[in-house]
Amino acid sequence: MLYEEERKLKIVEYLQDHLRASVQELSKVFQVSESTIRRDLQELEDAKLLKRTHGGAVCLENVNVEPTFVEKEDKFRKEKARIAQKAAEFIQDGDTLVIDSGTTTAYLAKELRKFSNIKVVTNSIILAQELRGFEGIEVIMTGGTLRQNTLAMVGPITEHSLSMLRVDKAFMATNGLDLQEGLTTPNLVEAATKARMIDIAKQVILLTDHTKIGKVAFARFAGIARIDTCIVDDKIPQDAVNEMEKLGVRVCVVTP
C-alpha cells in the first residue's frame, strides 16, 4: 500500500503515460476506493497537476516530467548568465554560501572567481567541478545519493550534513514558482534537500527564469514569503513582480 503522497505522485505519472484515466480504472490500479481517488484527483487539480473530467482526469502539460540537467542546460543561456551576474552582486568576500543544484545556479560558479575567502556548500557535482582550482574558495560537498537527472546529491545523508551548518546566503533554483503554491520541484527527496538549504541560511536568493512563473510541480519546498530576493529575467509578468513585492520579496529584474 502506498502512502498518500506517493499515490498522488503515481497517479500523475500514470496520467503522463496514459493521458487520461477513469476513477474506476485508477481505483483498480492503486487498490483504493473510488472516493479516495476522487479526493486525490481534486487535490491534484487544485495543485494544477491535472484536469478533472466527468468520471476521471486528463493529463496537463506537465512540469513533473523532469528534464535532465543536459536538456535544461541549453535553454535560456543568455538569461541565466545575466541572472548569475546579478546574483554575484549579493556576495562579499568572507561570505559563507550554500548553492543549490540547477542550470541557472551553475552559471553562478563562473562569477565566483572574483571573490576570495569564501566558503561554498553545494550538492551539485557540476558546480563543484566548476569551482575546482579557484584560489580563495573552499568547497564543501554535502554528500548523499546522486540523482542522475539533476546531478544533485540528495537524501538523508545530504540533509544531515546540511543540518550541521549555518551560512550567510542560499542561492536556490526551482522548477515552479506560484504565488499561492510557493516553490516546487518534481521530486520529493530533492524538495526536502532544498528545504534544508533554506533552513540553514540567513538570506535566501532565488535564481529563476520567467518560464517557471505560475508553474506548480509535485513537491513544495518553500513559500514565496521565505524568499528574500528573487532574481529573474525581464520576461516575467509585471503583476507577478507586484504580488511578490507585496509579500516582502525583493524582485531584481535583469535586462539585456
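Quick notes on this structure:
- Sorting 255, 105, 145 from the fewest to the most surrounding beta carbons within 10 angstrom yields 255, 145, 105.
- Most to least packed among 203-215, 154-166 [average Cβ atoms within 10 Å]: 203-215, 154-166
- The order of the peptides 78-85, 126-133, 238-245 by mean Cβ neighbours within 10 Å, most packed first, is 78-85, 126-133, 238-245.
- The chain - share of DSSP beta bridges that are antiparallel (%, nearest 5): 40
- 20 Å cut-off, amide nitrogen to a point 7 angstrom out along residue 202 Cα→Cβ, residues in the stretch 98-139: 98-100, 115-122, 137-139
- Difference of contour (0.36 nm per residue) and Cα-Cα distance, residue 119 to residue 6: 37.0 nm
- Equivalent ellipsoid semi-axes - Cα gyration tensor, the chain, angstrom: 35, 20, 15
- Since only 208, 129, 158 are under comparison, the one whose Cα sits farthest along the positive direction of the charge dipole of the stretch 120-256, derived from C-beta charges on Lys, Arg, Asp and Glu, is 158.
- Cross-link partners of residue 78 among lysines (Cα-Cα below 26 Å; sequence separation of 8 or more within a chain): 86, 110, 114, 169, 194, 212, 215, 235
- Per principal axis, descending, Cα span of the stretch 4-59 in whole Å: 23, 19, 19
- For the stretch 128-256, radius of gyration divided by Kirkwood radius, i.e. Rg to Rh on alpha-carbons: 0.98
- Computed helical MRE - 222 nm, the chain, DSSP H runs ≥ 4 contributing -39500 (n - 2.57), nearest 500: -11000 deg cm²/dmol
- Cβ charges +1 (Lys, Arg) and -1 (Asp, Glu), total dipole of the chain, debye: 140
- Simple point charges give the picture: +1 on the Cβ of Lys and Arg, -1 on the Cβ of Asp and Glu, and for the stretch 4-59 a dipole about the Cα centre of about 200 debye.
Any read-out appearing in this document is the output of simple, stated calculations on the displayed coordinates, not a laboratory observation. Computed from a predicted structure; not experimentally measured. Because the Cβ atoms are built from the backbone with ideal geometry, glycine has one as well, and the counts that use them run over all protein chains shown.
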